[in-house]
1. I'd like to check something: does region 120-129 contain any residue that is in contact with a Lys or Arg (Cβ under 8 Å, 6 or more places away or on another chain) and polar (S, T, N, Q)?
2. Taking the stated definitions as given, is L72 under 21 Å from the mean Cα position of the chain (by Cα) and either more than 16 Å from ligand 2 (Cβ to nearest atom) or modelled with pLDDT under 95 (or both)?
3. Could you run through region 15-24 and say how many residues are in a strand (DSSP E or B) and surrounded by fewer than 16 Cβ atoms within 10 Å (Cβ to Cβ)?
4. Answer with yes or no whether R217 is free of Cβ contacts under 8 Å to residues at least 40 places away in the same chain, surrounded by 14 or more Cβ atoms within 10 Å (Cβ to Cβ) and over 14 Å from Q160 (Cα atoms).
5. Quick check on my filter: what residues within region 29-44 are touching a helix residue (DSSP H, G or I) at 6+ places or on another chain (Cβ under 9 Å), within 16 Å of ligand 2 (Cβ to nearest atom) and either at negative phi or part of a strand (DSSP E or B) (or both)?
6. Consider T210 carefully, then state whether it is at negative phi and in contact with a Gly (Cβ under 7 Å, 6 or more places away or on another chain).
7. Mind checking which residues of region 200-239 are touching a Phe, Trp or Tyr at 6+ places or on another chain (Cβ under 7 Å) and either at pLDDT below 95 or not β-branched (V, I, T) (or both)?
8. Counting residues that are touching a residue at least 40 places away in the same chain (Cβ under 8 Å), which strands (runs of 3 or more DSSP E) fully inside region 51-94 reach at least 2?
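The values are calculated or read from the model by the stated rules, or taken from the named source; none is laboratory data. If you're wondering where the values come from, they're calculated on a predicted model, not measured in any experiment. We place every Cβ from the backbone using ideal geometry, glycine too, and count neighbours over all the protein chains shown.
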Amino acid sequence: MSDKIAAITLEDIHKSFGNNEVLCGISVTAHKGEVISVLGPSGSGKSTLLRCTNLLEIPDSGTLKVSGEEVLMRKNRRGQNQPADMRQVERIRSKLAMVFQQFNLWSHMTILENIIEAPIHVLKVSRAEAVDKAKEYLQKVGIPDKLDAYPSHLSGGQQQRAAIARALAVEPEVILFDEPTSALDPELVGEVLQVMHNLAEEGRTMIVVTHEMGFAREVSSRVIFLDEGLVMEDGSPAEIFEAPKTDRFKTFIKAMV
Ligand code: ADP
Ligand code: MG
């Protein structure tokens, strides 16, 4: 990538829950078109890092920029960080989409209704346009015939692909994935990874928390290893898998295979 444009910049992000400091100064920049796999043991703060990125959690300190725009923070009376401008938070959230381990589709809505909800109510597109786009996205994730189905009638892999179509429908600048295949039966993992691979090839910017080492090695442009609230490794898959810097990461990969 010659002209690197930052899509997301995290600078020295700290986040504690009570006395438990989960993020101890994380700095990561995701450039446009990058696919970053975030690896790390359970409890190392991977979900918290994604949640701080889309402001589902508010970092205690540090700087977050989305497409170059810095999220403005102020201190409340108890001295805690909080967003200074909720309209800015809404605007920034609308540039990001998240895909969760448990799909989080609305069970009382059809797949089509799930996908068009945010475009109609948040992006204010017409219903006809939202439906057209939804069909396109369902085609892209390989379930064009599931338009009128309810989530419970789909396999886990189909539900996750529908959730990815819903994420695409908000036309996000960055898609955040939190262990998108961890809840799936093993035989359904591949179809979801294939969709993510296709999105990567389209040049989409993605941050993917995953335990899928094959995806991390072959699809991502960069891999980050998080442990004890710090970025322990950060490099291309070749760099970090062939020449890990830390013993912790060596131990981690050994345990994965
Ligand atoms: P990971 O996704 O890497 O497994 P998490 O980010 O979910 O890790 O959690 C990191 C640590 O933060 C864990 O010790 C977890 O218990 C704690 N934690 C996460 N969210 C909360 C919360 N809302 N309240 C209190 N503790 C939390
Ligand atoms: Mg997690």
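1. Looking through region 120-129, none of the residues is in contact with a Lys or Arg (Cβ under 8 Å, 6 or more places away or on another chain) and polar (S, T, N, Q).
2. So L72 does not fit the description; no.
3. Residues in region 15-24 being in a strand (DSSP E or B) and surrounded by fewer than 16 Cβ atoms within 10 Å (Cβ to Cβ): 5 in total.
4. When the stated conditions are applied, R217 passes them.
5. S37, V38, L39, P41
6. no
7. Scanning region 200-239 gives M206, R217, F225, M232, E233.
8. Answer list for region 51-94: 61-66.
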